[in-house]
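The values are calculated or read from the model by the stated rules, or taken from the named source; none is laboratory data. On a predicted model such as this, the values are computed, not experimentally measured, just so you know. As a convention, Cβ positions derive from the backbone with ideal geometry for all residues, glycine included, and neighbour counts pool all protein chains shown. The protein model used for the area step is the full one, side chains on, heavy atoms only, and it has no ligands, DNA or RNA in it. Shrake-Rupley method; radii C 1.70, N 1.55, O 1.52, S 1.80 Å.
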Amino acid sequence: MPKSATPTHCPYCALQCGMNLTVGPDAGVEVAERADFPVNRGALCAKGRTAPALLTSRLRLTSPLVRKGGKLEPAGWDEALDRIAGALDGARHKHGPDACAVFGGGGLTNEKAYALGKFARVVLGTSQIDYNGRFCMSSAAAAGTAAFGLDRGLPFPLEDVARTGCVILVGSNPAETMPPALRYFTELRENGGTLIVVDPRRTRTAEQADLHLAPRPGTDLALALGLLHLVVAEGRTDEAYIRERTTGWEEARAAAMAHWPEYVERVTGVPVPQLREAVRLFCAPESAMVLTARGPEQQAKGTDTVGAWINLCLATGRAGRPLSGYGCLTGQGNGQGGREHGQKADQLPGYRKLTDPAARRHVAEVWGVDPDSLPGPGRSAYELLDALGTDIRTLLVMGSNPVVSAPRAAHVEERLRALDFLAVCDVVLSETAELADVVLPVTQWAEETGTTTNLEGRVLLRRQAVAPPEGVRSDLEVLHELAARLGVEKGFPADPEEVFEELRRASAGGPADYSGITYRRLAEENGVFWPCPAPERPVGAATGDSTGTGARTGGSGFSAKGTPAEVHPGTPRMFLDRFATEDGRARFVPVSHRPSAEEPDEEYPLLLTTGRVLAQYQSGAQTRRVDELNAAAPGPFVELHPRLAARLGAAEGDPVAVVSRRGRATAPARISAGIRPDTVFMPFHWPGAGRANTVTNPALDPTSRMPEFKVCAVRVEPVDRDQPGAEVAVRA
């Protein structure tokens with residue numbers, strides 16, 4: 001590595017790939033391979049390689065903007081901050097604290113997420129805070145907590161994927177969403193293991209599978225239950241494991257036995273021979289895993305669906321054992337850490353529950369406030385957005401673009417416009433920022449230092465490599481200044497390491513314990529897996545082994561004999577000794593299949609599912625500003641099976657409209673035999689006429705409050721090219 005290179009991490013997905021940044025003589029920033037980081041081992045996708053493009057000032061905000069006469073105009077920082085503080089203060093005094101809301105993002109660093117949650121509860125006194133990570137893996141988190149007592153996306157390192165015997169990958173397409181991770185699945189097969197992919201589309205990932213199951217969207221729950229039925233019927237359960245390490249099996253078994261193979265074939269469209277082959281491949285080796293992503297999770301029954309896949313793992317003894325287990329492939333860059341430290345409506349730092357009196361006392365002591373002053377849980381993300389302009393009068397947004405990313409997006413846009421006041425902190429003028437009364441230009445990944453937590457639970461240090469443009473401040477500085485203007489002079493430092501030190505204390509003893517992690521340690525190591533308690537924490541009933549390889553809450557800083565250890569090693573592999581439940585046993589949760597919130601009918605006979613493409617990311621606010629990425633993926637499209645396209649009379653590239661009960665999106669047709677004839681697919685990265693989330697269904701999972709992004713009833717109509725608006729619909 002050149003002496004001038006700064007080792008850091010990619011700003012995009014939850015792999016948080018390692019990279020080196022070098023500033024050239026012309027002040028340009030170059031990305032170089034960083035082979036020492038074990039997750040990507042030097043490999044980078046196109047998004048990572050081109051990430052420095054957004055550091056150039058021509059693509060981003062460099063001055064605060066204040067709305068004057070209906071237009072956003074450049075303004076000074078004091079004027080902009082005064083406007084925001086005045087609006088928040090006025091709303092809470094006139095209408096009460098809950099008239100102020102805060103909406104965060106899964107791309108914020110741990111320090112920012114922590115400070116944002118503290119700002120909402122201590123400075124504003126509002127319960128109305130949530131974040132876009134609710135749309136990411138909240139269903140998996142809920143199911144994992146119910147089964148294991150604790151949620152960490154992957155309870156084992158990615159390297160274990162390549163060494164297990166079989167992986168069932170449900171609703172994930174890493175070949176396009178996180179390409180450097182694909183090598184683990186390739187190595188799995190090279191090592192003699194098998195890969196089963198569950199996806200209604202034959203994606204680039206599915207093409208590499210030993211077995212591809214293509215269920216009808218919204219039927220993943222029935223599929224998992226059908227596989228468990230066959231496991232029982234064929235005598236493949238691990239009775240000793242079930243007896244020694246689980247509870248609740250009889251009820252879960254009875255629920256699964258109601259889903260016999262022929263019934264599951266009718267519901268899912270997956271033939272019975274494929275169901276039997278999947279069970280054979282999964283149960284044959286000594287070790288196996290199930291990995292889920294947004295496909296099964298972004299459903300109104302997502303928690304139950306993930307729970308059914310976990311039940312399959314438990315029934316076969318494939319959890320809490322070496323090279324076996326259930327895991328979730330987190331999407332956003334800090335999707336894991338972002339939900340651990342307080343920007344989620346129902347949580348306090350350390351993954352503590354806001355309703356737990358002991359948790360409230362602990363965090364309140366760290367914050368220096370009365371526990372009774374902390375508000376209770378507020379609305380979940382979509383419910384918060386849906387209430388804008390009613391009892392919620394002002395909104396502060398950090399690191400999110402709900403105009404593009406929220407379900408029923410046209411309605412969400414209307415609610416944003418109904419606010420008395422909207423403030424947005426962002427790097428670029430996103431579609432949400434365009435609606436704001438004040439926009440603040442903030443620093444981004446390479447211009448600031450902070451920590452993130454990747455999909456493995458590995459806490460990482462992103463280092464500052466370049467100075468931000470003049471006129472740009474960090475989100476922590478923004479919260480510091482706003483807190484001071486609202487009467488809280490202390491407790492909101494702008495220095496990220498100082499914030500992290502407080503986060504360590506606030507998380508100590510919680511499920512996501514970061515107290516044994518320091519900036520110095522992160523600078524010297526390739527990340528530290530939480531839980532990682534501080535050495536002085538005493539041994540208790542909740543601890544696991546001293547190696548950090550199996551724990552209820554990750555072990556303590558003491559050896560098994562109780563002698564002090566200088567540094568806790570972190571917990572790369574969880575649950576090997578016991579699960580994070582009171583009795584150390586995993587819980588089977590009985591679930592049954594039910595229809596999606598919206599099934600096809602005569603008026604809307606097809607199913608829409610949504611997802612991502614290789615060259616774009618999330619709402620596209622960043623990637624749509626990078627020439628190379630736009631050239632690779634210039635705009636939205638509607639993927640149709642050839643038979644459906646023939647019925648519509650649509651050829652490749654013809655504009656078509658996808659219509660649901662909530663709205664209409666238009667984009668060019670893309671004809672592919674790799675999708676089911678009863679299903680259409682749209683990527684969700686674009687605004688305007690091609691905005692996929694205009695039509696998606698906000699029906700919520702009753703437990704996780706996850707919207708049903710992945711399935712809704714639609715019809716598809718040809719669009720006359722000469723029709724007004726058609727040109728807009730097909731243009732990138």
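Taking V730 as the residue in question, decide whether it is open to solvent by 30 Å² or more (accessible area, probe 1.4 Å) and either modelled with pLDDT under 95 or within 25 Å of the chain's Cα centre (by Cα) (or both). Considered against the rule, which asks whether it is open to solvent by 30 Å² or more (accessible area, probe 1.4 Å) and either modelled with pLDDT under 95 or within 25 Å of the chain's Cα centre (by Cα) (or both), V730 comes out as yes.
Given the structure, is L213 surrounded by fewer than 23 Cβ atoms within 10 Å (Cβ to Cβ) and either in contact (Cβ under 8 Å) with a residue 24 or more places away in the chain or hydroxyl-bearing (S, T, Y) (or both)? So L213 does not fit the description; no.
On the basis of being touching a helix residue (DSSP H, G or I) at 6+ places or on another chain (Cβ under 8 Å), farther than 23 Å from Q299 by Cβ and in a loop (DSSP other than H, G, I, E, B), does G337 make the cut? Break it down into steps so the answer makes sense when it comes.
Numbers: touching a helix residue (DSSP H, G or I) at 6+ places or on another chain (Cβ under 8 Å): yes; farther than 23 Å from Q299 by Cβ: yes; in a loop (DSSP other than H, G, I, E, B): no.
When the stated conditions are applied, G337 does not pass them.
Given the condition open to solvent by 30 Å² or more (accessible area, probe 1.4 Å), on the phi < 0 side of the Ramachandran plot and in contact with a helix residue (DSSP H, G or I) (Cβ under 9 Å, 6 or more places away or on another chain), answer yes or no: does some residue in segment 450-457 qualify? Scanning segment 450-457, I find no residue that is open to solvent by 30 Å² or more (accessible area, probe 1.4 Å), on the phi < 0 side of the Ramachandran plot and in contact with a helix residue (DSSP H, G or I) (Cβ under 9 Å, 6 or more places away or on another chain), so the answer is no.
Residues being crowded, with 20+ Cβ neighbours inside 10 Å and not aromatic (F, W, Y): count how many of those fall in segment 410-427. Even if it seems obvious, please write down each step before you answer.
Step one: filter segment 410-427 for residues crowded, with 20+ Cβ neighbours inside 10 Å, giving 412-413, 415-416, 419, 421-427.
Okay, now just the ones that are also not aromatic (F, W, Y), so 412-413, 415-416, 419, 422-427.
Counting residues in segment 410-427 that are crowded, with 20+ Cβ neighbours inside 10 Å and not aromatic (F, W, Y) gives 11.
Which residue is farthest from R625 (Cα to Cα), if the candidates are limited to segment 673-710 and must be among the aromatic types (F, W, Y) and in contact with a Gly (Cβ under 7 Å, 6 or more places away or on another chain)? Let's see the steps before the verdict.
Here is the first cut: in segment 673-710, the ones among the aromatic types (F, W, Y) are 681, 684, 686, 709.
If we keep only those that are in contact with a Gly (Cβ under 7 Å, 6 or more places away or on another chain) too, we end up with 681, 686.
Values: F681: 24, W686: 12 Å.
Here the answer is F681.
Pull up segment 501-527, narrow it to residues that are charged (D, E, K, R) and not in a helix (DSSP H, G or I), then point me to the one that is farthest from P569 (Cα to Cα). The residue in question is D513. Give the residue that is farthest from the chain's Cα centre (by Cα), with candidates limited to residues of segment 28-55 that are loosely packed, with under 15 Cβ neighbours inside 10 Å and without any contact (Cβ under 8 Å) to a residue 24 or more places away in the chain. Result: E30. Against the conditions (1) part of a helix (DSSP H, G or I); (2) open to solvent by 20 Å² or more (accessible area, probe 1.4 Å), L228 satisfies every one except (2).
Here L640, L606 are screened, and the one residue that is of a type in the set (A, V, I, L, M), at pLDDT 95 or above, open to solvent by 10 Å² or more (accessible area, probe 1.4 Å) and within 20 Å of R715 (Cβ to Cβ) is L606.
Does E470 qualify as being in a loop (DSSP other than H, G, I, E, B) and either in contact (Cβ under 8 Å) with a residue 60 or more places away in the chain or surrounded by fewer than 21 Cβ atoms within 10 Å (Cβ to Cβ) (or both)? It is true that E470 is in a loop (DSSP other than H, G, I, E, B) and either in contact (Cβ under 8 Å) with a residue 60 or more places away in the chain or surrounded by fewer than 21 Cβ atoms within 10 Å (Cβ to Cβ) (or both). Could you tell me which numbered condition M178 fails, if it satisfies all but one of (1) in contact with a Gly (Cβ under 7 Å, 6 or more places away or on another chain); (2) surrounded by 24 or more Cβ atoms within 10 Å (Cβ to Cβ)? Condition not satisfied by M178: (1).
Could you tell me which residue of segment 342-352 is surrounded by the most Cβ atoms within 10 Å (Cβ to Cβ), considering only residues that are in contact with a Lys or Arg (Cβ under 9 Å, 6 or more places away or on another chain) and not aliphatic (A, V, I, L, M)? Across segment 342-352, the extreme among qualifying residues is Q343.
Among what's in segment 347-385 and is polar (S, T, N, Q) and under 26 Å from the mean Cα position of the chain (by Cα), pick the residue that is farthest from P402 (Cα to Cα).
First, pick out the residues of segment 347-385 that are polar (S, T, N, Q): 347, 355, 373, 380.
Next, only the ones that are under 26 Å from the mean Cα position of the chain (by Cα) stay: 347, 355, 380.
Details: Q347: 21, T355: 27, S380: 14 Å.
Applying the filter and picking the extreme gives T355.
Taken over segment 240-255, residues that are surrounded by 15 or more Cβ atoms within 10 Å (Cβ to Cβ) and either aromatic (F, W, Y) or free of Cβ contacts under 8 Å to residues at least 60 places away in the same chain (or both) amount to 2. Give me the pairs: first residue in segment 347-364 and more than 16 Å from S127 (Cα to Cα), second residue among the acidic types (D, E), beta-carbon distance under 6 Å, and six or more apart or on different chains, which are they? These pairs meet every condition: Y351/E340.
Listed here are the residues, each with its yes/no results for (1) open to solvent by 10 Å² or more (accessible area, probe 1.4 Å); (2) out of contact with any Phe, Trp or Tyr (no Cβ under 9 Å at 6 or more places or on another chain); (3) without any contact (Cβ under 8 Å) to a residue 60 or more places away in the chain.
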site: S57; (1), (2), (3): yes, yes, no
site: G105; (1), (2), (3): no, no, no
site: V122; (1), (2), (3): yes, no, no
site: T126; (1), (2), (3): no, yes, no
site: A143; (1), (2), (3): no, no, no
site: A147; (1), (2), (3): no, no, no
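Screening P377 on (1) farther than 21 Å from I84 by Cα; (2) in contact with a Leu (Cβ under 8 Å, 6 or more places away or on another chain); (3) crowded, with 23+ Cβ neighbours inside 10 Å shows it passes everything except condition (3). Considering only residues that are in contact (Cβ under 8 Å) with a residue 40 or more places away in the chain and of a type in the set (D, E, K, R), look in segment 260-304 and name the one that is most open to solvent (accessible area, probe 1.4 Å). Checked segment 260-304; the qualifying residue most open to solvent (accessible area, probe 1.4 Å) is E286.
Yes/no matrix, rows are residues, columns are (1) farther than 11 Å from G327 by Cβ; (2) in contact with a strand residue (DSSP E or B) (Cβ under 7 Å, 6 or more places away or on another chain):
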residue: P155; (1), (2): no, yes
residue: V161; (1), (2): no, yes
residue: L169; (1), (2): no, yes
residue: S172; (1), (2): no, yes
residue: P179; (1), (2): yes, no
residue: L182; (1), (2): yes, no
residue: R189; (1), (2): yes, yes
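Among the conditions (1) at pLDDT 95 or above; (2) under 27 Å from G327 (Cβ atoms), P595 misses just one, which is (2).
So which residues in segment 683-708 are among the small types (G, A, S), open to solvent by 10 Å² or more (accessible area, probe 1.4 Å) and more than 12 Å from Q299 (Cβ to Cβ)?
In the first step, residues of segment 683-708 are kept if they are among the small types (G, A, S); the result is 688-690, 692, 699, 704.
Keeping just the survivors that are open to solvent by 10 Å² or more (accessible area, probe 1.4 Å) gives 688-689, 699.
Residues satisfying the conditions are G688, A689.
Scanning segment 190-210 for residues that are in a strand (DSSP E or B), in contact with a helix residue (DSSP H, G or I) (Cβ under 7 Å, 6 or more places away or on another chain) and open to solvent by 20 Å² or more (accessible area, probe 1.4 Å) yields one hit, T194. For segment 667-682, filtering for residues that are touching an Asp or Glu at 6+ places or on another chain (Cβ under 9 Å), part of a strand (DSSP E or B) and open to solvent by less than 30 Å² (accessible area, probe 1.4 Å) leaves 7.
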